[in-house]
Amino acid sequence: MKKVIFILAILICPFTSFSDTITPASWKKGNGTEKKPYLIESAEHLYYLSLQVNNGNDYEHIYFRLTTDIDLQGNKKNQWKPIGSATHPFKGNFNGNHFEIINLYIATPSLDYVGFFGYVLTGNIENTGISINSSVTGKDHVGGIVGYQMDGSLSNCYNKARINGKNNVGGIVGYQYNTIIKSSYNTGPVNGKWYVGGIAGMGYGNTHIINCYNTGNVNGEYYIGGIIGKIDGYRYTASVTNCYQESIFDKIGLIGTGISIEVLNCYHANVSGMKIEKFGTVMDHDEMKSDSFLIKLSNGENIWTKDKEPFVNSGYPILASMKYNGIFTNEATGIAEKTATLHGNFISEKETIISKGFEYKAENSSQFTNITVESESFSFDLTDLTPYTKYTFRAFVITDKGKITGRNIEFHTLAEKCGPDCGHKHQHHHIFDH
């Protein structure tokens, strides 16, 4: 009897160390085959998967599929434990089925291999999204979907969460080795030190990134790229194909640094003061919203489609295979000295809007000002702004399930026009300088 109690303690303790509110429960539907995957229908099922993998069950050649959005109820006291580690990697196949992981919260700045999945070996992840109401913080090999992935594939995934780490930090994958990332995007802010990218932080070996885009702010100190921080194909084959980077105020290019790689049909926005222009083709923002750019990016395939009003990506090309749901903040238009028009969009088949609006603040302000939009269109004309000032804004909706906010977007009001007597007051300024 003592042996049984000891075994149960080993199984339960790792789980309760990161969740005191949800009890793990095994899935009841499916048999784990490709045709009949195990169905994950609740947060309890996901916690059970994490528990099992981190205790040594790698689920090699086993299939899983989500059946609904999963709210992990994450907070400082209820942190998600990534599925898989360097000691016990996940080797299965996970299909998010175009549903979203909500309230994923990880704050472990001393931990490596951090993400929704921590370490994936020979496994495949697809159709999985991380919501904007999520935050992932680790040390090395940190990503929204996967911290470290080797010898597998990832497709049709997206990240909207804030990602923080030190080395090898990416919006989708922190470190990819012999891995293909396809048809995925990132809109969340990504922050690190070495090798930081909107899609992946670091790629090595037979590594390929195909049909991906980033619109999130990417920040770091060494080797920062809108798509990937560093990609190394020495003695292997590595490439970045049909991808674009768009972020109005990021002074970075497509790739931080690359060794023995092919960059094919890739583009990045033309931003004043850009540090790196070595990889890809520089293109103006308006051109990146054009039909001609969509044709170039598609390269004869039907992977990309036009973002039409009401926009989900401010008019830039989107992926045809993606199901775009949620709250979207779009770029401000009509920006002048004291005015700007804010834009947003909300798409949901499950929630009813009670109210909608925007939150905005000036650069030196600590609090957002709330604006409720009463009109049918999701836009608002701001007035009485301060000239030559950086503003941050985001769209929000209040639904029957609570408040949801979109990603932060920045804009700069223009400098005041002055007459012949104003001297050289503004001559040293550049609109897009931070």
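The values are calculated or read from the model by the stated rules, or taken from the named source; none is laboratory data. Remember, it's a predicted structure, so these values are computed and weren't measured experimentally. Neighbour counts run over all protein chains shown; Cβ positions are idealised from the backbone, glycine included. Accessible surface is based on the protein model in full, side chains and every heavy atom, while ligands, DNA and RNA are left aside. Shrake-Rupley method; radii C 1.70, N 1.55, O 1.52, S 1.80 Å.
Which entries in the list Lys76/Lys401; Lys350/Lys403; Lys81/Lys160; Lys356/Lys390; Lys29/Lys81; Lys182/Lys350 go over 26 Å, if you measure between the two C-alpha atoms of each? Can you show the working numbers first?
Values: Lys76/Lys401 21 Å; Lys350/Lys403 14 Å; Lys81/Lys160 19 Å; Lys356/Lys390 23 Å; Lys29/Lys81 24 Å; Lys182/Lys350 28 Å.
Long pairs (Cα-Cα over 26 Å): Lys182/Lys350.
For segment 26-118, which GluC sites (Glu not before Pro) are both in a DSSP coil and crowded by at most 14 other Cβ atoms within 10 Å? Show your work: numbers first, answer last.
Working: sites: Glu34, Glu41, Glu44, Glu60, Glu100; in loops: Glu34, Glu41, Glu60.
Answer by residue number: Glu34, Glu60.
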Restricted to pairs 8 or more residues apart or on different chains, the lysines in segment 194-314 with C-alpha atoms under 21 Å apart form a number of pairs equal to 11
With a 1.4 angstrom probe the carbon and sulfur portion of accessible area for segment 119-231, in percent, totals 42 percent
The set of residues whose placed amide H lies less than 5 Å from the amide H of Thr281, leaving out same-chain residues fewer than 5 positions away, is Cys266, Tyr267, His268
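List the relative contact order of the chain as a percent without decimals, with contacts defined as Cα pairs under 8 Å and 6+ residues apart. It would help to have the intermediate numbers written out before the result.
Working: 1287 pairs, mean separation 30.8, N = 434.
Across the chain, relative contact order equals 7 percent.
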What accessible area per residue, rounded to a whole number of Å², is obtained for segment 60-123 using a probe radius of 1.4 Å? 41 Å²
Give the long-range amide H neighbours of Trp304: residues separated by 5 or more places, or on another chain, with amide H under 5 Å away, using H modelled in the peptide plane at 1.01 Å from N. Ala320
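Please give the FRET efficiency for Glu309 paired with Ala86, using the beta carbon to beta carbon distance and R0 = 45 Å, rounded to the nearest 0.05.
Details: r = 46 Å, r/R0 = 1.03.
Efficiency for this residue pair is about 0.45.
If Phe368, Phe293 are ordered by their accessible area, calculated over protein heavy atoms with a 1.4 Å probe, which sequence runs from highest to lowest? Could the numbers behind the result be given before it?
Working: Phe368 55, Phe293 0 Å².
Order by accessible area, largest first: Phe368, Phe293.
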So how far apart, in nm, are the two label points at Ser292 and Thr352 if each is 7 Å from Cα heading toward Cβ? 4.8 nm
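Using r as the Cβ-Cβ distance of Asn219 and Ala25, and R0 as 51 Å, what FRET efficiency do you calculate, to the nearest 0.05?
Values: r = 39 Å, r/R0 = 0.77.
Efficiency at R0 = 51 Å is approximately 0.85.
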Have a look at segment 302-394 and give its Rg and Dmax from the Cα atoms, expressed in angstrom. 14.8, 45
At q = 0.05, 0.12, 0.14 Å⁻¹, what is the base-10 log of I(q)/I(0) for the chain according to the Debye formula with one equal point scatterer per Cα and no solvent? Please give it to two decimals. -0.18, -0.98, -1.30
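Is the C-alpha gyration tensor of segment 67-114 telling us rounded, prolate or oblate? Criteria: a/c under 1.5 is rounded; beyond that, a/b larger than b/c is prolate, otherwise oblate. Could the numbers behind the result be given before it?
Details: a/c = 3.00, a/b = 1.11, b/c = 2.69.
Oblate.
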For segment 182-198, in residue order, the Karplus 3J(HN,Hα) values (coefficients 6.51, -1.76, 1.60; θ = phi - 60°; whole Hz; Gly and Pro = x) are 10, 6, 9, 8, 10, 10, x, x, 10, 10, x, 10, 9, 6, 10, x, x
For Thr68, what residues show an amide H to amide H distance below 5 Å, using hydrogens built from the backbone and excluding near sequence neighbours? none
Could you pull the accessible area for Lys296 with a 1.4 Å probe, rounded to 10 Å²? 90 Å²
Could you sort the peptides 152-165, 399-412, 120-133 by per-residue average Cβ neighbour count (10 Å cutoff), highest mean leading? 152-165, 120-133, 399-412
Can you work out the base-10 log of I(q)/I(0) for segment 146-259 at q = 0.15, 0.16, 0.22 1/Å, using the Debye formula on its C-alpha atoms alone? -0.48, -0.55, -1.10
Two-site FRET efficiency, Ala415 against Thr67, from Cβ-Cβ distance with R₀ of 45 Å, rounded to 0.05: 0.25
